[in-house]
Amino acid sequence: MTTSTKRTFCSYLNKSSYCDDDGYMIQWWKSLILSNSLVAVYGLTKAGIDRQMLGLDVEFDVEPMGKTNTEINVDPIAARIEAVDLGM
């Protein structure tokens with residue numbers, strides 16, 4: 001009997017930030033509206049997951065986030081990606 005172990009692919013999707021004319025990042029403390037570009041990339045990612053494009057033995061952990069409405073701490077993100085089998 002063969003047992004297969006699933007690998008984990010961890011992906012963090014990050015929307016680029018915008019800066020004002022003085023070079024300061026435009027950031028809202030709370031916002032429920034995601035950018036269209038982030039939603040589009042998430043949709044493409046979800047389509048790839050649904051089609052099992054990395055194989056039947058891969059589980060996905062996908063986290064979409066936008067810097068304009070979320071403060072992002074990169075240390076836990078980097079640690080999570082390093083802890084799994086695959087990621088970006």
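Listed values, structure above:
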{"quantity": "Spin-label model distance (nm) - Leu44 vs Met65, 7 Å beyond Cα toward Cβ", "calculated": "2.2"}
{"quantity": "Inter-probe distance in nm under a simple model that places probes 7 Å from Cα toward Cβ, at Leu54 and Ile72", "calculated": "1.8"}
{"quantity": "Amide hydrogen neighbours beyond the local backbone of Glu59, cut-off 5 Å, H modeled", "calculated": "Arg7, Thr8, Phe9"}
{"quantity": "FRET efficiency estimate (nearest 0.05) - Cβ-Cβ, Asn36 to Arg80, R0 35 angstrom", "calculated": "0.85"}
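Any read-out appearing in this document is the output of simple, stated calculations on the displayed coordinates, not a laboratory observation. All of these numbers come straight from a predicted model, not from anything done at the bench. A quick note on method: Cβ atoms are made from the backbone with ideal geometry, for glycine too, and the neighbour counts reach across all protein chains shown.
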